[in-house]
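The values are calculated or read from the model by the stated rules, or taken from the named source; none is laboratory data. Since this is a predicted model, take the numbers as computed values, not measurements. Note that we place each Cβ from the backbone using ideal geometry, even for glycine, and neighbour counts take in every protein chain shown. Only protein heavy atoms, including side chains, enter the accessible area calculation; ligands, DNA and RNA are left aside. Shrake-Rupley method; radii C 1.70, N 1.55, O 1.52, S 1.80 Å.
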Amino acid sequence: MLDKDGQIIYVGKAKNLKNRVRQYFQASVKTDKVMAMVSNIADFYYIIAPTEIDALSLENNLIKKHKPRYNILLKDDKTYPYLKIDLKENFPTFKITRKIKKDGAKYFGPFMGGVSVRDVLEIINLAFGIRPCDKKLNPDKPIKECLNFHIKKCLAPCAGCVDKNAYLEMVNKAVDFLSGDTAQTETLLTQKMLSASQREEFELALKYRDNLNSLEKIKAKRITSLNKFLNADVLGYNTNGIYSAVSLLIVRNGRMLGAKNFSFSCLNNSDSETLAEFVVQYYKTGMEIPDEIICQTEIEGSEVLSRYFKQNFSKSVSILQVKQGVRKQLCDMAEVNAEEHLSTAIGKIEHKNDITINACKTLKEKLNLTRYPRRMECYDISNISGVDKVGSMVVFIDGQPDFDSYRRFKIKTVEGADDYKSHQEMMSRRLERLKTDSEKFPKPDLVVIDGGKGQLSAVKEIFDKFAISDIDLIALAEREEEIFLLDKKEPIILEKRDYCLQMLQRIRDEAHRFAITYHKKLRGKRALSSVLDGIKGLGKIKKQALLLQFKDLSGIIKATKEQLMQVNGIGEKQAQLIIDGLTKEGLR
């Protein structure tokens, strides 16, 4: 379904298209949200798919691509950490991450509900000796073992103290522990605690004891009535007809990890349709898919969804509607959580609409824009005395940041600190991509320039050069928060509490932050290169190794000689040359 500007505002699927479309226009079943959508429908088109699974996949892809205003667009209330390990590495190590990627690595988690991911990582290091660092190892060039080896937290593969097979055996035991087998880990920690105590290494024994206590917390999460290998997501659902909430309880290896809560507005007329759309949206990346999805409410097309998971993600998923037993008790718990979350979330949803979608609508009226500013792009320039000039483009959809659409520009043709020409170069490259790659760079409804009348006029010249007349263009000057328009000599000044101004400030500040971050990154690389260039024996490969280990120049400056020697290719002599070179530059 499309609005009068051709924007896709809703994507749906149906076995019987006539019945599905007709229900939106039947007065007896229309809710306020449906009426709001129907009033914006100017056109619609449809695509015939060969099977229900194909229709489901297509619906999912179109929602991801177009982010229609009236579809469920999920935003989790929190991001929880995971432990990641790549078993293809020679000496793999566990890392904490908050993003799951399709990179062939194993992920364990999420860690929530009072279980600290760092405590779990500490258990893994102490119990199995898995190395806590992630530096590249060269078996042919062993280095001196570090402190972690001496305090029994690492087997020191970097120093050649353990061979690959023995190390991987301990890694596999750690993986078994994260997969639910805590008995072996508990026995191992107990033995190590007693052994350390007998050697009168009491601090180390206390560490083992603390980790045993943490292990008890993990064991306490076990639901005794469930199979210890069960991986399930339990859905609780509640709605008031306009807004809905889903509480998702996460059970991994028969252990209750915690809950994620979601609140949203939706148009589907039945609970089963809403839950089906939620399931597709929540598992759209193919990550974190459990063995079972459990709910008290029927999920529309559960058999089709199961086939969809199998066909698209090679994952067998059972979608169960339960009426009794321990799974029913879990569902009851999820339902209570959903009801509570909805009652507290409605005010937040309404406020969020006021500062996003409603602010966009009001902005159109106050600035007399030609169209609703659904896609807003804001541009900013960052440099110091004309050096390392960069530009940023941030994108807001319906008043909210769309991080995947952010872009950075390295200014290439402008000499010195010329803000106007830098904006012109950046906008020229942006509009050129509009012609050549409109899929990745779709046309914006509104362009916001961080600056005043001068920057606005400079960008307008580029608009004229590309014959752009259907994109609104404004500038926001930071000092007095003045809004400059092309057809007005005097700026518009909105009240500080005006949601429209606050939305423009958010996108402007985000563009500023994004530009400065990129500028600092370039400046840091240049500073690192210039300082290290004068140090004898440091070539490109060693510089990259230092940067990989210490992240930036400040990390290298603070590093001790022993820490420098842990970097691949840096021996004692080279480490001393680095320290001497940094001292000569006055940095140490």
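Any residue in the range 65-80 that is closer than 22 Å to residue 375 by Cα and surrounded by fewer than 19 Cβ atoms within 10 Å (Cβ to Cβ) sitting within a Cβ distance under 7 Å of a residue that is at pLDDT 80 or above and of a type in the set (Ser, Thr, Tyr)? List the pairs, counting only those 6 or more apart or interchain.
74/282
Kindly provide the set of residues from the range 29-57 that are of a type outside the set (Ser, Thr, Tyr), under 30 Å from residue 314 (Cα atoms) and open to solvent by less than 60 Å² (accessible area, probe 1.4 Å), ordered by number.
Correct list: 49, 53, 54, 55, 56.
Where the second residue is open to solvent by 10 Å² or more (accessible area, probe 1.4 Å) and small (Gly, Ala, Ser) and the first is in contact (Cβ under 8 Å) with a residue 12 or more places away in the chain and in a strand (DSSP E or B) and lies in the range 388-413, which pairs have Cβ atoms under 7 Å and are six or more apart or on separate chains?
Every condition considered, the pairs that remain are 390/382; 395/405.
Do we have residue 370 as open to solvent by less than 40 Å² (accessible area, probe 1.4 Å), polar (S, T, N, Q) and under 25 Å from residue 484 (Cβ atoms) here?
no
Looking at 42, 127, which is the one that is at pLDDT below 85 and either within 26 Å of residue 159 (Cβ to Cβ) or not β-branched (Val, Ile, Thr) (or both)?
127
Please find, within the range 304-334, the residue that is surrounded by the fewest Cβ atoms within 10 Å (Cβ to Cβ) out of those that are charged (D, E, K, R) and closer than 16 Å to residue 230 by Cα.
Looking at the filtered set, the residue picked out is 328.
Quick one: what pairs do we get from the range 175-195, first residue of a type in the set (Val, Ile, Thr), second assigned to a helix (DSSP H, G or I), C-beta under 7 Å, 6+ apart or different chains?
So the pair list comes out as 182/215; 182/218; 182/219; 185/123; 185/127; 185/177; 185/215; 190/212.
What's the number of the only condition in (1) in contact (Cβ under 8 Å) with a residue 12 or more places away in the chain; (2) among the polar types (S, T, N, Q); (3) open to solvent by 20 Å² or more (accessible area, probe 1.4 Å) that residue 343 fails to meet?
With (1) in contact (Cβ under 8 Å) with a residue 12 or more places away in the chain; (2) among the polar types (S, T, N, Q); (3) open to solvent by 20 Å² or more (accessible area, probe 1.4 Å) applied to residue 343, the lone miss is (1).
Give 75, 173, 152, 102 a once-over and let me know the one that is of a type in the set (Lys, Arg) and modelled with pLDDT of 80 or more.
Only one candidate qualifies: 173.
Counting residues that are in contact with a Cys (Cβ under 7 Å, 6 or more places away or on another chain) and in contact (Cβ under 8 Å) with a residue 40 or more places away in the chain, which strands (runs of 3 or more DSSP E) fully inside the range 236-303 reach at least 2?
Hits in the range 236-303: 292-295.
Considering the range 272-303 alone, what residues qualify as being at positive phi, more than 26 Å from the chain's Cα centre (by Cα) and surrounded by fewer than 17 Cβ atoms within 10 Å (Cβ to Cβ)?
none
Of all residues in the range 456-483, how many are outside any loop (DSSP other than H, G, I, E, B) and either polar (S, T, N, Q) or more than 19 Å from residue 360 (Cβ to Cβ) (or both)?
Looking only at that region, the number is 12.
Here is a list: 533, 487, 472, 552. Which entry is at pLDDT below 80 and out of contact with any Gly (no Cβ under 8 Å at 6 or more places or on another chain)?
533 is the lone residue from the list that is at pLDDT below 80 and out of contact with any Gly (no Cβ under 8 Å at 6 or more places or on another chain).
Mind telling me which of the residues 57, 28 ends up being out of contact with any strand residue (DSSP E or B) (no Cβ under 7 Å at 6 or more places or on another chain), modelled with pLDDT under 85 and within 22 Å of residue 276 (Cα to Cα)?
57
Tell me whether the range 504-512 contains one or more residues that are part of a loop (DSSP other than H, G, I, E, B) and in contact with a Pro (Cβ under 8 Å, 6 or more places away or on another chain).
no
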